[in-house]
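S.K.: My questions all concern the structure below.
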Amino acid sequence: MEVEELPSELELALSLAHSLLRDIAEAVTASDKLQCIVNASKILTTVISEAGRLRREEAERAGGKGSSAKGVGADDLVPLFIHAVIHSAVPDLLAQLRFCDLFSG
C-alpha cells in the first residue's frame, strides 16, 4: 500500500492546529483554553471546506458531476481533529480538559 503525501496546505493547517492546541497548556482561564480548541477547529474546518470545493471544481472540469454537498460534517472533521490532538502532544491533556469542564460556565 502506497502512502500519499499530504498537500502542503493541509500540512500547514495541521501544523497550525497543532500549535493552537499546544497553546492550551499556556492558557490560564477555561475560556482561553476552550478558545484554543475552537480556533483549531476553525482552521481544520476551513481546510476541509476548501478541499471539498476544489474537488467539486475538478470533477466539473473533468466533465463529471461534482458532489452537491457543500458543508463540512462530523465525518470529515472528527478524524482530522483527532489526528491533530494526538500529534499536538498537549501536555497533561486530560487535566486541561478537566479544568475546562470544572471552570467553564
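Taken together, the values in this text are just the output of simple stated rules run on the coordinates, not laboratory data. Just so we're clear, the structure is a prediction, and the values are computed from it rather than from any experiment. Cβ coordinates were reconstructed from backbone atoms using ideal geometry, including for glycine residues, and neighbour counts include every protein chain displayed.
S.K.: Here are some residues: Leu97, Leu102, Leu21. Which one is touching a residue at least 60 places away in the same chain (Cβ under 8 Å), in a helix (DSSP H, G or I) and either over 23 Å from Glu9 (Cα atoms) or touching a Lys or Arg at 6+ places or on another chain (Cβ under 7 Å) (or both)?
M.R.: Leu102
S.K.: Another question about this same structure. Please indicate, with yes or no, whether at least one residue in segment 41-58 is without any contact (Cβ under 8 Å) to a residue 12 or more places away in the chain, over 14 Å from Leu10 (Cα atoms) and of a type outside the set (Lys, Arg).
M.R.: yes
S.K.: Additional query: Of the conditions (1) under 17 Å from Leu10 (Cβ atoms); (2) surrounded by 11 or more Cβ atoms within 10 Å (Cβ to Cβ); (3) of a type outside the set (Asp, Glu); (4) out of contact with any His (no Cβ under 8 Å at 6 or more places or on another chain), Ser88 satisfies every one except a single condition; which number is it?
M.R.: Of everything listed in (1) under 17 Å from Leu10 (Cβ atoms); (2) surrounded by 11 or more Cβ atoms within 10 Å (Cβ to Cβ); (3) of a type outside the set (Asp, Glu); (4) out of contact with any His (no Cβ under 8 Å at 6 or more places or on another chain), Ser88 misses just condition (4).
S.K.: Here is a list: Leu77, Leu97, Leu93, Leu102. Which entry is farther than 21 Å from Ala27 by Cβ and among the aliphatic types (A, V, I, L, M)?
M.R.: Step by step, each of Leu77, Leu97, Leu93, Leu102 is checked, and only Leu77 is farther than 21 Å from Ala27 by Cβ and among the aliphatic types (A, V, I, L, M).
S.K.: Which residues, counting only those in segment 32-66, are loosely packed, with under 13 Cβ neighbours inside 10 Å and either among the charged types (D, E, K, R) or not in a helix (DSSP H, G or I) (or both)?
M.R.: Lys42, Arg53, Arg55, Glu57, Glu58, Glu60, Arg61, Ala62, Gly63, Gly64, Lys65
S.K.: Identify, by number, the condition in (1) within 18 Å of the chain's Cα centre (by Cα); (2) outside any helix (DSSP H, G or I); (3) not aliphatic (A, V, I, L, M) that Phe81 doesn't meet.
M.R.: So Phe81 meets the others, but not (2).
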